[in-house]
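The values are calculated or read from the model by the stated rules, or taken from the named source; none is laboratory data. All values derive from a computational prediction rather than experimental measurement. Here the Cβ positions follow ideal geometry from the backbone for every residue, glycine too, while neighbour counts run over all protein chains shown. Side chains are part of the model used for accessible areas, which takes the heavy atoms of the whole protein and leaves out ligands, DNA and RNA. Shrake-Rupley method; radii C 1.70, N 1.55, O 1.52, S 1.80 Å.
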Amino acid sequence: MTQTKNEKMELLEQRVSSCRGCSLCTTRTQSVFGKGSFSPTVLFVGEAPGEQEDREGKPFVGPAGKLLDLYIEFIGLEEDDYYVANILKCRPPRNRDPLPEEEEACLPYLREQLRLLQPKILVCLGRIAAKRIISPDFRITKQRGIWYDLGGLRVMATYHPSALLRDPAKKEEALTDFKKIAEEIKKFK
Ligand code: URA
């Protein structure tokens, strides 16, 4: 019998939870697969789970997540409209940057999520996601807020919410980016 999208997503989540593709499986509490609608217009992609995400098994539930929720609410997105995932599904110790080999090992899971969810818009949260998804030499301060077309998918990067918590002066620019995202979403409604 053919599997539904929900079943495929559940199976993929199970595969991620037992993944031993890199050494982060030895330090994680649990993997963090993603959350949100299985028919999203927008896919937000962050970097990697932090301490709270590792404990709860859901992405963006800590302080950065609370801020992301505010921006999402600001542009009027509803639960049905979006999905949130990360480049890495397991927390790097002390929240250090992901290593290239960890990203390589984990990216097939994100690609599969993308293939199943088929969003219209992908928003990279921060430079780690932007470098992996848009271009290895991506400069977040120069290239954020610009739309890219990746095989029909509309892609933009904005600041990672943790960067906004560290440097609130960037919040104005992030708001500008989210307004652009809201405009783009209208085209698909
Ligand atoms: N930062 C991320 O990039 N992802 C999370 O899930 C939480 C914090």
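Quick look at the values:
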read-out: Every pair of residues 6+ apart whose Cβ atoms lie under 7 Å, when the first sits in the stretch 137-152 and is within 16 Å of Lys170 (Cβ to Cβ) while the second is part of a loop (DSSP other than H, G, I, E, B) and acidic (Asp, Glu); value: none
read-out: Close pairs from the stretch 114-128: first over 23 Å from Glu10 (Cβ atoms), partner of a type in the set (Phe, Trp, Tyr) and part of a helix (DSSP H, G or I), Cβ under 9 Å, at least 6 apart; value: Val123/Phe178
read-out: Within the stretch 15-34, considering residues that are open to solvent by less than 60 Å² (accessible area, probe 1.4 Å) and under 18 Å from the mean Cα position of the chain (by Cα), the one farthest from the ligand (Cβ to nearest atom); value: Val16
read-out: Some residue of the stretch 124-141 being open to solvent by less than 10 Å² (accessible area, probe 1.4 Å), β-branched (Val, Ile, Thr) and out of contact with any Phe, Trp or Tyr (no Cβ under 7 Å at 6 or more places or on another chain); value: no
read-out: Residue list for the stretch 1-34, filter: closer than 23 Å to Glu101 by Cβ and of a type in the set (Lys, Arg); value: Arg15, Arg20, Arg28
